[in-house]
Amino acid sequence: MTTVLTPASPLTAADRCDRCGAQAYLRVVLLSGGELLFCAHHGRKFEPELKKIAAEIQDETERLTTVPGSASEDER
Ligand SMILES: [Zn+2]
């Protein structure tokens, strides 16, 4: 398998929002090389700011609506 770029790995229940600790649905790769995770709520809230500093935004918020039943999944 030859891939040009490292494929973005899907976010899991182990990925948590940096702001509130909820399950993350957005991964933001910063131009500086760092990485931030946000829940759908904070992803939307900070979107205008993130777009200025992000090299890439992986948005999986659509999974919130397209996969009914999995939203209650929570590991402890
Ligand atoms: Zn959050």
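Regarding segment 25-40, can at least one residue be identified that is part of a loop (DSSP other than H, G, I, E, B) and among the charged types (D, E, K, R)? No - not one qualifying residue is present in segment 25-40.
Return the residues of segment 16-37 that are touching an Asp or Glu at 6+ places or on another chain (Cβ under 6 Å) and in contact (Cβ under 8 Å) with a residue 24 or more places away in the chain; say none if nothing qualifies.
Of the residues in segment 16-37, the ones touching an Asp or Glu at 6+ places or on another chain (Cβ under 6 Å) are 24-26, 29, 36-37.
Scanning segment 16-37 gives Tyr25, Leu26, Val29, Leu37.
If only residues of segment 1-24 that are of a type in the set (S, T, N, Q) and assigned to a loop (DSSP other than H, G, I, E, B) are counted, the one that is modelled with the lowest pLDDT is Thr3.
Mind listing just one residue for me: the one in segment 41-59 that is assigned to a strand (DSSP E or B) and more than 16 Å from the ligand (Cβ to nearest atom) and, of those, most open to solvent (accessible area, probe 1.4 Å)?
Going residue by residue through segment 41-59, those that are assigned to a strand (DSSP E or B) are 54-59.
Remaining after also requiring more than 16 Å from the ligand (Cβ to nearest atom): 54-56.
Working: Ala54: 20, Ala55: 67, Glu56: 98 Å².
So, considering only residues that are assigned to a strand (DSSP E or B) and more than 16 Å from the ligand (Cβ to nearest atom), the one most open to solvent (accessible area, probe 1.4 Å) is Glu56.
The values are calculated or read from the model by the stated rules, or taken from the named source; none is laboratory data. Bear in mind that the values here come from a model prediction, so they are computed numbers and not experimental data. As a convention, Cβ positions derive from the backbone with ideal geometry for all residues, glycine included, and neighbour counts pool all protein chains shown. Protein only, heavy atoms only, side chains kept; ligands, DNA and RNA dropped before computing areas. Shrake-Rupley method; radii C 1.70, N 1.55, O 1.52, S 1.80 Å.
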